[in-house]
Structure formats: C-alpha cells, structure tokens
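To keep things clear, I will list the structure first and then write my remarks on it.
The values are calculated or read from the model by the stated rules, or taken from the named source; none is laboratory data. Note that the coordinates shown come from a computational prediction; the quantities given were computed from them, not determined experimentally. So basically every Cβ, Gly included, is an ideal-geometry build from the backbone, and we count neighbours across all protein chains shown.
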Amino acid sequence: MTPSRPEDHASGAAAGRSLAGRRVLVTGGAGFVGSNLVRRLMRDGARVTVLDDLFTGRRENLPPDGIEFVLGSVCDPAVVGRLVALSEIVIHAAARNIVVSTRNPREDYETNIGGTLNVLLAARAAGVERVVYTSSTSVYGNPRYLPINEDDRLSLLTPYAVSKLAGENYCMAFYESYGLATAAVRYSNIFGPGQDPANPYCGVVAKFIEALFAGRAPVIHGDGDQSRDFTYIDDAVEATLLAAASDRAVGEVFNVGTGVETRVNQLAEILIRLTGVRVEPVHSDRRDVDNIRRRVVNIEKTRRALRWVPEVTLEEGLRRTVEWQRGQARPGGPAAPPAPETGSGGPR
Ligand SMILES: NC(=O)c1ccc[n+]([C@@H]2O[C@H](COP(=O)([O-])OP(=O)(O)OC[C@H]3O[C@@H](n4cnc5c(N)ncnc54)[C@H](O)[C@@H]3O)[C@@H](O)[C@H]2O)c1
C-alpha cells in the first residue's frame, strides 16, 4: 500500500529545493550510483564536486561541464580534507566493491574503512552539515526473517559486509560522540541506466542484458532460486537525497529497497522477454561471493521517516535499462538486436 504524503514531508522536490545552491561533495561520483546522484544534484541546482580515483568509475559517466572533478582517492587524507572543507554536504559513495573486496580484503579495508574514516574526520573538522553514507544490505547476510528490518540481527559473510558495516558504525559513532550529522542508506541491488556492463564488477542486471544483446545465454550462478530485492536507480537516488536533506535522517540507518523479492531465474525470464532474444539461461557453479540465499528488505522505516516510496516497478525499471543499454552498443562491438515488436521498448 502506498502511504499518503503529509504536507510537511520532504518529497523529492522538497529535497531538491533544500539542496539547491548547496556545495555537495560526492565521493565515488564517477561510478554508477554516484554519477546518477551527481546528475540529479545538478538538475536540482546544487554545486557539485566529485572525488573519484576511477577504479571502476569513468570520467565519461559525468557531464563534461558544470562540476568540479578531482582525480584522487578517499585514502588520501589531504585531498579529502581539502575537498570536504569546501563542502556543506558530503555523500560518500566511494568504495571497493564486493568482488574486489573478497579477493583483496586489505584493499577493501583501506578504502571502505580507512577512506570512510578520512571523510568523517574531515567532516568533523570542517563542521559539515551532513554526511550520507551509502551502505549495503550485504550486512544482513542470510537473514532469519524476511522482509529484513534495519534492527534485525546482522550476519557478516564477506569482508565487504564487514567494511560496509564498519563505515556505518563509524558514522553513528561520529554522530553520538561529536554531534556530526550522519545518515546511512543500506542499498539493495541497485540497477538501471548508467550501470556499465563493461565494468567486470557490475550487477547481474547489466550482465544479463549484455549477454542477451550479444546473443549469449545469461549465466546464472547456482540454481537461480536465490532471490534479491532489486531497486531502480532513480528511487535509490531519491532516498539518498532525502537522507541528505531531512532532519529525521540524522543518526539513522535506512533500508533502500522495494519490499519485493525476485528470484534470479525470474529476473532472467523477464529480461529474455524484454530483449526478445530467444535463448535459455545456463547455470554455472556458485561463486564465493554468492553466499546469500534470499534477500528482501522492509522499507517501512524509510517510508515513514523520509516520506519516500519507490516509484519504479521492477518491470518498468528493467524496460528502461534494456533501452538504455540498447542505445549504448559499443563501436566495433556486437549490435544490440532491435526491440521486440511486442511493445517492450517502453518509455525511458
Ligand atoms: N550498486 C549497488 O547495488 C550497491 C548496493 C549496495 C551498496 N552500494 C554502495 O553504493 C556505493 C556506490 O556503488 P556503485 O554501485 O555506484 O559502484 P561503482 O563501482 O560504480 O562506484 C564506486 C565508485 O567509487 C570509486 N572509488 C573506488 N575506490 C575509491 C577510492 N579509494 N577513492 C575514490 N574513489 C573510489 C570508483 O572508481 C567508482 O567510481 C558504494 O559505496 C557501494 O558500496 C551499491
């Protein structure tokens, strides 16, 4: 059920208004989520700086003009200190991803924990108004109950889950100890336009679409009955900006998902239908990072506190993503097949 929105709520427009003209630093701003955040912030009139080491991000993900782009690492306290001191709001999205983290926990530790500590120390020193930390539903591991609430028992099954939770804990400790206004959003499997299939660590949606466009069968790791809560990028961006703008977000952590559980087999079926490519998925062995069986989160707290509701259904989000990826066919690469005639080339 969609809750009604009271007059005083921080709607998307309200969040946008309150961020207009504000100096916002987005770490990891050249990545998938970060670049979508940046574009939205620019549309809302914020003055945006991006700090990114281009580990997985790309400069081309960002508009050529209208932002300050700084090539550098959150592991460098000097550059972090300088940029944070010039900002009113920090959205901290830079991180090593789960695959890199599992392969190299030290690198994960340095960026995801050390980098976050650098951001928080700089934010405290500069007295910034808000730090929003992009955490992950990976911290829930294999939950006992579904849907998962924010205060349910956590189970840390990967070094990535450990580092993302450490970042969250530091945010809360800086709020409690020093009064720094922090908030954390726990994203659940974000997908959508801008998720680069050429990035070897990108999510399953972009990978499946890329395979289908190349006429290959999507490869499902394991039996495909594992489930996730897939969240469309615009909804994740909206929740993040509300966490940056709303007083109710301070000192809190919020699930950002949909409350809808989808099996990977179902996801493959939908994408095969939307792309119109006639193949059957194939199954391969499960990877070491695939140790979570089911995930769907409860979003009631986020709905109530931030007056946020996810607006894009899985089907509509996948439709938009397929169309975006169709338009991205690389020069010299395989051409994407034409959209099927059954009307799946829907609005963007
Ligand atoms: N995409 C998801 O489904 C998802 C789910 C849960 C959490 N998250 C979190 O959201 C954030 C953004 O993830 P994403 O999906 O956009 O991934 P991404 O890899 O596309 O973006 C991460 C960005 O951080 C940059 N980066 C990495 N290490 C850095 C460093 N040391 N210094 C500066 N920049 C660095 C990368 O170059 C990249 O641009 C991350 O914090 C991630 O943990 C994402």
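Here the condition is being aromatic (Phe, Trp, Tyr), more than 16 Å from the ligand (Cβ to nearest atom) and modelled with pLDDT of 95 or more; of TYR145, TYR109, TYR160, it holds for TYR145 alone.
The sole residue among TYR160, TYR175, TYR133 that is over 24 Å from THR258 (Cβ atoms), not in a loop (DSSP other than H, G, I, E, B) and not β-branched (Val, Ile, Thr) is TYR175. Given the criterion in a strand (DSSP E or B) and surrounded by fewer than 24 Cβ atoms within 10 Å (Cβ to Cβ), identify the matching residue among PHE55, PHE69. After applying the criteria, what remains is PHE69. Total residues in the range 26-83 satisfying the condition of being of a type in the set (Asp, Glu) and either modelled with pLDDT under 95 or over 22 Å from GLY114 (Cβ atoms) (or both): the figure is 4. Applying the criterion of at least 2 residues that are surrounded by fewer than 17 Cβ atoms within 10 Å (Cβ to Cβ) to the helices (runs of 4 or more DSSP H) found wholly in the range 228-337 leaves 264-275, 300-306, 314-327. If you go through the range 196-220 and keep only what is within 17 Å of VAL99 (Cα to Cα) and within 16 Å of the ligand (Cβ to nearest atom), you end up with ASP196, PRO197, ALA198, ASN199, PRO200, TYR201, CYS202, GLY203, VAL204, VAL205, ALA206, LYS207.
Can you find, within the range 69-106, the residue that is nearest to ALA244 (Cα to Cα) among those that are free of Cβ contacts under 8 Å to residues at least 24 places away in the same chain and within 11 Å of the ligand (Cβ to nearest atom)? Among residues in the range 69-106 that are free of Cβ contacts under 8 Å to residues at least 24 places away in the same chain and within 11 Å of the ligand (Cβ to nearest atom), the one nearest to ALA244 (Cα to Cα) is VAL70.
Looking only at the range 194-225, residues that are over 12 Å from the mean Cα position of the chain (by Cα) and either surrounded by 19 or more Cβ atoms within 10 Å (Cβ to Cβ) or among the aliphatic types (A, V, I, L, M) (or both) come to 17 in all.
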